[in-house]
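*Asks:* Have a look at the structure that comes next, please.
Bear in mind that the values in this text are calculations on the coordinates, not laboratory data. Given the structure is predicted, the values throughout are model-derived calculations rather than measurements. Reconstructed Cβ throughout: ideal geometry from the backbone, glycine too, with neighbour counts over all protein chains shown.
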Amino acid sequence: MASTTFNGPVRSQNGFQSVTISSTTGAVTVNGTFGASTSVTDLTTTNLVFTDQNHPSTAAINATAVATAAQVITGYITSTSASPTTITLPTGTLLGAALGATRGTVMDLYVDNTAGASTVTIAVATNGILSSAAADTPGSFGDLTIAAGATGLARFTIMFSSATAYVFTRTA
């Protein structure tokens, strides 16, 4: 197939896919999908997966609970609790499976407690560990408590060291 160069925007209502087709079997392999939940994967060089930050869906956790992998992979959790709330992340195995994670997969998780009336604390589960930056600097990278009200926003980065284990750091 010939390549095409466009001058101007290219639009699609259903996204785009980058594919390769096996010359022997004709099997189609999707290398990247670009759309509302954009991911770009290049397994031959970096094993990194980048996700967009539009968060078309969010998850609400308003009481102490273990977050499901589905809630975490929305990338945006809200809490409006009047009581102190602890949100424990899923195990590395569950979260890795939900993301299709490999070593090098990275995702950001935002926790929004601006409408809450008490603190939210994040805890990691089995196969989730705090990064060395978090352990060395608990007052910033390791601050797992999100205040209520106007300053109650936090961004965390989850980096996978394998398909079933992640490292967790507060990044904002």
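*Asks:* Only sites in a loop by DSSP and with at most 14 other Cβ atoms within 10 Å count here; which trypsin sites (Lys or Arg not before Pro) in the stretch 98-172 make the cut? All intermediate terms of the calculation are to be shown ahead of the outcome.
*Replies:* Numbers: sites: 103, 155, 170; in loops: 103.
Listed in order of number, the matching sites are 103.
*Asks:* Follow-up. Arranged from highest to lowest average of other beta-carbon atoms within 10 Å per residue, in what order do the peptides 19-28, 131-140 appear?
*Replies:* Answer by packing, highest mean first, reads 131-140, 19-28.
*Asks:* With point charges of +1 on the Cβ of Lys and Arg and -1 on the Cβ of Asp and Glu, referenced to the Cα centre of the stretch 46-170, which listed residue (140, 84, 107) lies farthest in the positive direction of the dipole?
*Replies:* The Cα lying farthest towards the positive end belongs to 107.
*Asks:* Please report Rg over Rh for the stretch 84-172, where both radii come from the alpha carbon positions and Rh follows the Kirkwood definition. The partial results should precede the final answer.
*Replies:* Values: Rg = 12.9 Å, Rh = 13.1 Å.
Value, to two decimals: 0.98.
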